[in-house]
């Protein structure tokens, strides 16, 4: 059974596009699923840039819904990952160029071809949001440990419930364990307490995300990235695997680790399960 | 691990009898009897309070216990927890019962009393012409007695609203971050100001009188 997932947040800048890119890549790379990522942020397209596929765009989502081209023509095959496709947004139009019914039809068409359809939702709760959720079966809500982001996420949960979505899942992005420890940042329990939805994963703040975003290479493929590890776990949870949520605490490196690091033999790295950082 | 059916602890103003609600009362009774007997008159004339873990005490057992304590010259202090407290809300004809989390951006307006089985999150609004009762955490804005009913109340399992309104009076919690109370509370009007009291220590008589006076 193929699934249509919408990745949404309400607030902008919390990492919807990054999350979409990483989950999409993760599902295609590690689970060998056929995945298409749909950029629903018409007029402010970003997903193509994050994926490093900007220069391959010929047709876009608006062209498809308006019948200007065939669906196959607009789909961009990823340059690195087998089974991964992108349907880019139009940059010269705005959100009103598409209706929820057109999006529903588009999702139904994509569902026949792919195992996963991931929709990158724009910020806000207006037309763009309504379009993005129209054809989706399930929703993933991204938030950061900020009061404003959690407030907006709560609003989104309410709107999704009103639209008939059952049990949206939550991803907490850009958490900083050291700040949480000091009590300077909202902790996971506080957020779960307010939002009262199931946690899909926690992604730590990671400089590598900035680098990978600018390079157009999703961090999930980087085995040494902390955020990448978190996204790999999220990917497995989406697939139905039971990956326990671990405590987010940086494990102090042992003396031998420090020695190895000193000689450059060991990076502060994460690899696979039983990693130094587990999310 | 076997739970001891009865534990007796000394407190400032007497003793506290802590009993396990799952154990048969007959066993508890014997255990208390034995413990008091071993005291050799030490407990004489003292006050006792009762706390029941994992359950509650029936009225019959309560009287029974009082009898035992009397034999040892002790008095049982009546306490709020073993009794049922009647909610001081008015009996109104119209009640809206909602079993959900009220989320940011959602507004519940109702002519009558609103009862919510769930949380009320920040950014949401509850407006009722009658009382508002939240069986969860109230973090949003609540307006009771929206049509000017000065006797309306707002009660919540955890009362942490962004703003409270009763009739025409608006109040907000103190700015300085203080310890949030971890018990149910009730907000009502007193001399044109909103006061908040712990639910268990409420003077129900005064509210009742006030309500009847207004009627």
note = Simple SL model, points at 7 angstrom along Cα→Cβ for residue B:70 and residue A:148; separation in nm is 6.8
query = Percent relative contact order of segment A:35-145, based on C-alpha pairs within less than 8 angstrom and at least six residues apart?
reply = 35
task = Please provide three numbers in whole Å: the alpha-carbon extents of the protein assembly as shown along the principal axes, with the largest listed first.
result = 92, 66, 43
inquiry  = Just to confirm the number: angle between the C-alpha axis of helix A:147-162 and the first principal axis of chain A, 0 to 90 degrees, nearest 10?
reply    = 40
In nm, spacing of pseudo-spin labels at residue A:223 and residue B:147 (7 Å Cα→C-beta vector) = 7.1
task = Using only Cα atoms, find the angle between the long axis of helix A:226-238 and the longest principal axis of chain A, and express it within 0 to 90 degrees, rounded to the nearest 10.
result = 60
ask   = Roughly what angle does helix A:16-30 make with the longest principal axis of chain A, taking Cα atoms, 0 to 90 degrees, to the nearest 10?
value = 80
note = Under 15 Å by backbone N from the virtual spin label 7 Å along Cα-to-Cβ at residue A:192, the residues of segment A:157-172 are A:169-172
ask   = Taking neighbour counts of Cβ atoms within 10 Å as a proxy for exposure, in what order, fewest first, do A:19, A:8, A:65, B:23 appear?
value = B:23, A:65, A:19, A:8
request  = Determine the relative contact order of chain A: mean sequence separation of Cα pairs under 8 Å and six or more apart, normalised by residue count, in whole percent.
outcome  = 22
request  = Sort B:132, B:116 so the one with the fewest other Cβ atoms within 10 Å of its own Cβ comes first.
outcome  = B:116, B:132
request  = Treat the count of other C-beta atoms within 10 Å as a stand-in for reagent exposure and order B:143, A:66 from fewest to most.
outcome  = A:66, B:143
Chain A - share of DSSP beta bridges that are antiparallel (%, nearest 5) = 5
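Here, each number is a calculation from the coordinates, and none is a lab measurement. Values in this document were obtained by computation on a predicted structure and should not be read as measured data. Every residue, glycine as well, gets a Cβ built from its backbone with ideal geometry; the counts of neighbours run over all protein chains shown.
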